[in-house]
Amino acid sequence: MNLNVVVLLFLLLISSATCCPPSDRRALLAFRSALHEPYLGIFNSWTGQDCCHNWYGISCDSLTHRVADINLRGESEDPIFERAHRTGYMTGHISASICDLTRLSAITIADWKGISGEIPKCITRLPFLRTLDLIGNQISGGIPYDIGRLNRLAVLNVADNRISGSIPKSLTNLSSLMHLDLRNNLISGVIPPDVGRLKMLSRALLSGNRITGRIPESLTNIYRLADVDLSGNQLYGTIPPSLGRMSVLATLNLDGNKISGEIPQTLMTSSVMNLNLSRNLLQGKIPEGFGPRSYFTVLDLSYNNLKGPIPRSISGASFIGHLDLSHNHLCGRIPVGSPFDHLEAASFMFNDCLCEISTFKTIY
């Protein structure tokens with residue numbers, strides 16, 4: 001055989017071994033055909049046979065050369081955005097052809113503002129998927145009911161869309177899930193009672209939906225949970241005192257619900273630094289028990305039905321950066337010293353009979 005022919009065949013073999021398979025290339029082109037991006041031209045690079053090299057937003061596994069990562073963000077510091085002097089805008093829908101990329105570990109199609117349609121149900125058949133990030137689009141429909149099949153999923157982010165329906169019960173099977181972001185959608189129903197099975201979860205962001213029911217007690221069994229935002233929903237019932245005994249919980253936002261009962265004393269000396277319980281139906285007194293372990297960057301109890309005096313022990317807190325007790329039924333003198341010496345009068349407005357000690361002036 002001619003030496004040149006041998007060399008050519010060898011180069012062809014090397015090339016085919018390092019290119020993405022034709023099936024992955026076909027799936028990507030079908031995925032692209034369902035989308036329209038008119039301003040940046042991010043798909044202009046999707047040419048040639050090798051989708052593993054120089055295709056914008058596409059990465060492949062170095063060993064298998066299968067497509068492993070789709071990373072398309074509509075808001076980025078990439079030069080293509082800087083040259084256009086604008087953020088991205090894309091319409092269309094996410095084609096089910098994405099499910100033919102069976103080695104995908106990450107799907108990020110975020111902040112394009114105009115992508116609509118539903119999450120392809122077949123996406124739950126991607127066994128290696130670790131990240132699903134679809135934030136900032138117009139995606140509708142529900143979260144796939146069998147989302148729990150994705151046992152490697154660590155990030156589920158569908159915030160700022162038009163997702164409806166309830167949180168699937170199978171979601172609590174996601175034993176690797178660390179980041180759950182469902183904010184600003186149309187999700188209704190209750191938080192699954194066995195949400196405490198998500199032992200790896202560190203962030204649970206569910207604000208700005210239509211979620212009802214009670215805060216599940218099992219939520220407090222998640223040891224790693226540091227950030228909980230359930231604000232702007234229709235939750236009712238009382239605050240589980242065990243929330244205040246969680247060792248790493250730093251942010252707890254429950255504002256804008258229909259939560260009633262008294263504030264658990266455990267929250268005053270907990271690890272929580274950002275505590276927002278405003279705009280609820282909380283009653284009773286602000287608990288005593290503040291002390292050196294009480295460290296709040298934000299403590300917002302405004303717009304409730306709290307009564308009685310401001311507890312004197314609050315002066316014993318190690319730090320309170322922002323305090324808002326306005327729009328309650330508090331009465332009595334406002335303590336002196338920290339943190340009260342740096343607070344505005346607005347922090348105490350619209351109570352029944354709060355007054356400053358120095359002037360005995362009532363704060364309305």
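The values are calculated or read from the model by the stated rules, or taken from the named source; none is laboratory data. Predicted model only: the values in this text are computed from it and were never measured. No Cβ is skipped: glycine too gets one built from the backbone with ideal geometry, and neighbour counts run over all protein chains shown. Note: areas computed on protein heavy atoms with side chains; ligands, DNA, RNA excluded. Shrake-Rupley method; radii C 1.70, N 1.55, O 1.52, S 1.80 Å.
May I ask you to rank Asp229, Asp160, Asp69 by accessible area, largest first, using a 1.4 Å probe over the protein chains only? Write down the numbers at each step before the final one.
Values: Asp229 25, Asp160 65, Asp69 45 Å².
Output order, biggest surface exposure first: Asp160, Asp69, Asp229.
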* Asked: Just the accessible area for Glu344, please: 1.4 Å probe, Å², rounded to the nearest 10?
  -> 130
* Asked: Helix 22-33 versus the longest principal axis of the chain: what is the Cα-based angle in degrees, 0 to 90, to the nearest 10?
  -> 50
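Compute the Kirkwood hydrodynamic radius of the stretch 46-153, taking the inverse of the mean of 1/r over all pairs of distinct Cα atoms, and give it in Å to one decimal.
On the way: mean 1/r = 0.0675 Å⁻¹.
The Cα-based Kirkwood calculation yields 14.8 Å.
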* Asked: Taking only Cα atoms, what is the 0 to 90° angle, nearest 10, from helix 3-18's long axis to the longest principal axis of the chain?
  -> 20
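Can you give me the accessible area per residue for the chain, using a 1.4 Å probe, in Å²?
Working: 16910 Å² over 364 residues.
For the chain, the per-residue accessible area is 46 Å².
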* Using Cα pairs closer than 8 Å and at least 6 residues apart in sequence, work out the relative contact order for the chain, in percent. => 7
* Would you mind working out the magnitude of the charge dipole of the stretch 170-264 relative to its Cα centre, with +1 at each Lys and Arg C-beta and -1 at each Asp and Glu C-beta, to the nearest 20 Debye? => 160
* Where a Cα-Cα gap under 18 Å defines reach, which lysines qualify for Lys307, not counting those fewer than 8 residues away within the same chain? -> Lys258, Lys285
* Asked: Once you put a point 7 Å from the Cα of Ser116 and another 7 Å from the Cα of Tyr223, both along the Cβ direction, what distance in nm separates them?
  -> 4.7
* With all protein chains present and a 1.4 Å probe, how do Leu150, Leu186 order by accessible area, largest first? -> Leu186, Leu150
* Structure fact -> If every Lys and Arg gets +1 and every Asp and Glu gets -1 at its Cβ, then about the Cα centre the chain yields a dipole, in debye to the nearest 20, of 800
* Cβ-Cβ FRET estimate between Arg312 and Thr102, R0 fixed at 56 Å, reported to 0.05 -> 0.30
* Structure fact -> Here P(r) for the stretch 252-364, Cα-Cα distances in 5 Å bins, as whole percents, is 2, 13, 24, 28, 22, 9, 2, 0
* Asked: In nm, what is the difference between 0.36 nm times the number of residues separating Asn305 and Met178 and their Cα-Cα distance?
  -> 42.2 nm
* To do: Taking every Cα atom in the stretch 60-123, find the radius of gyration and the maximum pairwise distance Dmax, and write them in Å.
  => 13.6, 37
* Structure fact -> Note: Ser33 to Glu77 extended length (0.36 nm per residue) minus current alpha-carbon separation gives 13.3 nm
* Using only the Cα atoms of the stretch 67-217, each taken as one equal point scatterer with no solvent, compute I(q) by the Debye sum, divide by I(0), and report log10 of the ratio at q = 0.20 Å⁻¹. => -1.31
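So if I average 1/r over every pair of distinct C-alpha atoms in the stretch 292-342 and take the inverse, what Kirkwood radius in Å does that give? Provide the component values of the computation, followed by the final result.
Details: mean 1/r = 0.0875 Å⁻¹.
For the stretch 292-342, inverting the mean 1/r across all distinct Cα pairs yields 11.4 Å.
Sequence gap at least 6, Cα distance under 8 Å: using those rules, report the relative contact order of the stretch 67-175 to the nearest whole percent. Working shown, then result.
Details: 257 pairs, mean separation 24.9, N = 109.
With pairs under 8 Å counted, the relative contact order is 23 percent.
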* Structure fact -> Of all DSSP beta bridges having both residues in the stretch 207-364, the percent classed as antiparallel (nearest 5) is 5
* Structure fact -> For the stretch 153-236, the percent of accessible surface on carbon and sulfur atoms (probe 1.4 angstrom, ligands and nucleic acids excluded) is 49
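If I stretch the segment between Gln49 and Arg293 completely, what's the gain in nm (0.36 nm per residue apart, minus their alpha carbon distance), one decimal?
Numbers: separation 244, 0.36 × 244 = 87.84 nm, distance 6.13 nm.
This chain segment gains 81.7 nm when fully extended.
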* To do: Using Cα Rg over 2.2 N^0.38 Å as the read-out, say which of (1) 1.17; (2) 0.97; (3) 1.28 was calculated from these coordinates.
  => (3)
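Suppose R0 equals 51 Å. What FRET efficiency, 1/(1 + (r/R0)^6) with r the Cβ-Cβ distance, do His342 and Tyr145 give to the nearest 0.05? Walk me through the intermediate numbers first.
On the way: r = 51 Å, r/R0 = 1.00.
Rounded to the nearest 0.05, the efficiency is 0.50.
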* To do: Restricting attention to the chain, give the cysteines that have no other cysteine Cβ less than 4.7 angstrom from their Cβ.
  => Cys19, Cys355
